[in-house]
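Right, one structure below, let's go through it.
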Amino acid sequence: MLERNEGAFGRGQTPARHIGRFEGNASEYFGIWIVNLLLSIVTLGIYTAWAKVRQRRYFYGNTILDGHSFDYHAKPIAILKGRVIVVVALVMFQVLSSIQPFLILVLLPAYIFLAPWVFNRALTFNARVTSYRNVRFHFQGRYRRALLVFIVMPFLTAFTFGLLYPVVSKMTQEYIGDSTYYGSEKFHCQPRLGPYYKNLGACVTVAIVVLAVTTGIVFTVTAMPFWDGLVDRLAENQGGSTGDQIDNAFSLGMFLMLLAVYPVFILSYIAYRAGVRNITFNATTIANQHRLQSGLKRRRYVWILVTNLFAMILTLGLLRPWASVRTWRYIVGHTAVLSKGPLDDFADKAGAEGSVTASQFLDIEGIDFGL
Amino acid sequence: MTDRRPQSISGRYFEPNKSKSRPALLSRSGSRLEIAVDGGLVGAYSSDPEISSRVGNIPRRVTLSDGSVFETSDNDGLELFFGLDRHLSTRFFALEKRSRWTALVAVVCIALVFCVYRYGMPVAARFAASATPAIVSSAIDRGALETLDKVLFEASVLEVHEQERIDALFRTIIDTAGKDTNDFRLLFRDGGAIGANAFALPGGSIVITDQIVQLTENDDELAGVLGHELAHVVEQHSLQQIYRAVGWVIVAGLVAGDSGQLVEEAVAQVGALQSLSYSRAFETSADIYSARLMHTLGRNPLAFIDLLERVTLECGPSCDHSSLLSSHPGTVDRRRDIEQLEFVDP
């Protein structure tokens, strides 16, 4: 599974490889999920904060590395407060921008300068509420760096037809990885740029091939005689004229093709993200003796997500717990730590960090990316 | 009952904030909790520990008063040891493991989700729309007009007497509908890029462009359009649209928020399609409202469909069929819907 990319790190000694294992299962999670859903609906969404904590604890608590599980410690009340703030802000934004559309000119700069702070707080929150072996993770972000990687770089990328995108991916991942701590020990994330471009190249190539094949099929089909008859009948059914047959056939063909562009784009983005995770993890070490490893297969990962989606659609969403467990199990099972030393000599940072102000921040930080 | 309560629980002991663990035994001596490692006592605690709640069968943490942690995978044993098995929440969440019960919950959930989606959201949006104070909807009008005037519209070039004539026609229609003429105002604009068009804002402002006035062949057509736009205001369609959009964002975020990105993408697309079909339903409803008004006024209820056909001719073949992807029904469907009214003679 994880044979590649040991690099100079593993040579000489024989490091132990601890591969992740997920011990949850779909039928057990189904019960938890469906009760969460029921209570969330019945309480008009208020319970979602508690549901989120139970869901996270199930997944973290069943994720095992070297015989120990992870845990999730967020307080539902903090998450609820965060959500109320998010919902109020959303509604206010919608109403205000309906009343005064030019307000966006004021809100946009405010958003741009607040966003790095919000991202840092959210990353801090997520790290702080995650633990492994009784030791919590931490995140220590810097505003300027966050402004650069989350706002300035994506902005520049928009003007380079996405050519800078791998640079943004590298900088973002590097920033997150290098600002994360396990206890008092800092992660070191030093990926090279090359692999990120290679990853983009591979994903774009596959996307282009898929689109070319789709185009070929669409134009072959639209050139066939039955196609015009079909378009004719469609036009008749709608009561329209049949005069612009060729035009109709062509535009329907174009339409079908455009319909394919969007999913192909989304799927190649997912593949790209899987590649980025591999590259970043494989370049991350901690305490000079443990290296992270990630060996997601891009196509396999996309396949899992696509089949999950179809399974959910066909079962009115009832297979969602199965899908979540399946995805998580794949990710965890393809993640490992390569250790030259014991994994149990870490210590949490001295408790001083929990100042009153910070805890106020933490409350607001309940806002996380998934809403 | 008490005899089946375990005397001790085996698990792992962590010193405060340390990742090193040792196999340990948790037991009780009098009112004190004791932790033993390799037969030797490492801690005794008289105050109550904090016990993490049960989720599936994940390991439980017992956090002791000095910050040290006892962790065990023996969920059932732990619950018996601390007497948690009698707690209401323990009993409630034990239902998660009963397949017959969860199947029932699943059926209830599907029914509830369907009801929220089909009835709850439209009803909530209608309620929110009717609860919206007039001052807010007229503020929306002002803001929208200000923007449109800056980016899209030019001043109308229609003759003043022509404007007055159409305004009088509009007032007659409002009267016929039994509404107060002070609640509405008709505005004339040069449509610029959007050409022949008419639309209604939630606060009662109705805008018609010079281009659509020039396309009309008789007053029946114009009256039909005005009646249609009036219906949008009276039935609060645009306010409901705003609230439904917000509602969808919130519901989708809460229900599908924690899933993989593909699911969120799919939900967002469904939401967009859904709002288009809502919007087509509103158009049909406004058509019927207008047709009834025209009938009362003794005007031709189908006239404005003729006008719409002329408008779509200008916009090309892609406009005249309604489909999953359009915000308005096609004129063919709209004509058919009006022809189905009892007083209309096709």
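The values are calculated or read from the model by the stated rules, or taken from the named source; none is laboratory data. In this text, all values refer to a predicted model and were calculated from it rather than measured experimentally. Reconstructed Cβ throughout: ideal geometry from the backbone, glycine too, with neighbour counts over all protein chains shown. With ligands, DNA and RNA removed, areas are computed over all heavy atoms of the protein, side chains included. Shrake-Rupley method; radii C 1.70, N 1.55, O 1.52, S 1.80 Å.
Scanning the stretch A:98-155 for residues that are touching an Asp or Glu at 6+ places or on another chain (Cβ under 8 Å) and under 23 Å from A:Gly82 (Cα atoms) yields A:Arg121, A:Ala122, A:Thr124, A:Phe125, A:Asn126, A:Thr130, A:Ser131, A:Arg136, A:His138. Close contacts from the stretch A:12-35, counting a first residue that is within 12 Å of A:Tyr58 (Cα to Cα) and a second that is hydroxyl-bearing (Ser, Thr, Tyr) and outside any strand (DSSP E or B), with Cβ to Cβ under 8 Å and a gap of 6+ residues or different chains, come to A:Gly24/A:Tyr58; A:Tyr29/A:Tyr58; A:Tyr29/A:Ser324; A:Phe30/B:Thr102; A:Gly31/B:Ser99; A:Gly31/B:Thr102; A:Ile32/A:Tyr58; A:Trp33/A:Ser324.
Within the option set A:Asn308, A:Asn278, A:Asn288, being within 11 Å of another protein chain (Cβ to nearest Cβ) and polar (S, T, N, Q) holds for one residue only, A:Asn308. When we screen A:Leu148, A:Leu80, A:Leu103 for residues that are assigned to a helix (DSSP H, G or I) and in contact with a Leu (Cβ under 9 Å, 6 or more places away or on another chain), the only hit is A:Leu103.
Among the residues of the stretch A:77-92, is any modelled with pLDDT of 85 or more and buried (at least 18 other Cβ atoms within 10 Å of the Cβ)?
no
Considered as a group, the residues in the stretch A:259-287 that are more than 14 Å from the chain's Cα centre (by Cα) and without any contact (Cβ under 8 Å) to a residue 12 or more places away in the chain include one that is surrounded by the most Cβ atoms within 10 Å (Cβ to Cβ), and that residue is A:Pro263. Taking the conditions exactly as written (in contact with a Leu (Cβ under 8 Å, 6 or more places away or on another chain), in contact (Cβ under 8 Å) with a residue 40 or more places away in the chain and in a helix (DSSP H, G or I)), does B:Ala128 satisfy them or not? So B:Ala128 passes the test. Is one or more of the residues making up the stretch A:108-118 of a type in the set (Val, Ile, Thr) and surrounded by fewer than 14 Cβ atoms within 10 Å (Cβ to Cβ)? The answer is no; no qualifying residue exists.
When B:Arg32, B:Arg4 are checked against the criterion of being at pLDDT below 90, over 20 Å from A:Ser69 (Cα atoms) and either in the same structural domain as B:Phe70 (by TED's automatic domain parsing) or open to solvent by 90 Å² or more (accessible area, probe 1.4 Å) (or both), B:Arg4 stands alone in meeting it.
Working only within the stretch A:10-47, note down all residues that are polar (S, T, N, Q), part of a loop (DSSP other than H, G, I, E, B) and crowded, with 21+ Cβ neighbours inside 10 Å. Within the stretch A:10-47, none qualify. Of the residues making up the stretch B:8-30, those that are under 54 Å from the mean Cα position of the chain (by Cα) and away from every other protein chain (no Cβ under 14 Å) are B:Ser8, B:Ile9, B:Ser10, B:Leu25, B:Leu26, B:Ser27, B:Arg28. Within the span defined as the stretch A:48-68, one or more residues are part of a strand (DSSP E or B) and within 9 Å of chain B (Cβ to nearest Cβ).
Per-residue answers, yes or no, for (1) aromatic (Phe, Trp, Tyr); (2) within 14 Å of chain B (Cβ to nearest Cβ); (3) touching a Pro at 6+ places or on another chain (Cβ under 8 Å); (4) under 30 Å from A:Arg57 (Cα atoms):
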| residue | (1), (2), (3), (4) |
| --- | --- |
| A:Pro76 | no, yes, no, yes |
| A:Ala89 | no, yes, no, yes |
| A:Met92 | no, yes, no, no |
| A:Val95 | no, yes, no, no |
| A:Leu105 | no, yes, no, no |
| A:Pro109 | no, no, no, no |
| A:Ile112 | no, no, no, no |
| A:Phe119 | yes, no, no, yes |
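None of A:Ser131, A:Ser184, A:Ser179 is hydroxyl-bearing (Ser, Thr, Tyr), open to solvent by 60 Å² or more (accessible area, probe 1.4 Å) and in contact with a strand residue (DSSP E or B) (Cβ under 8 Å, 6 or more places away or on another chain) except A:Ser184.
Take B:Arg142 and tell me if it is within 14 Å of chain A (Cβ to nearest Cβ) and of a type in the set (Lys, Arg).
So B:Arg142 passes the test.
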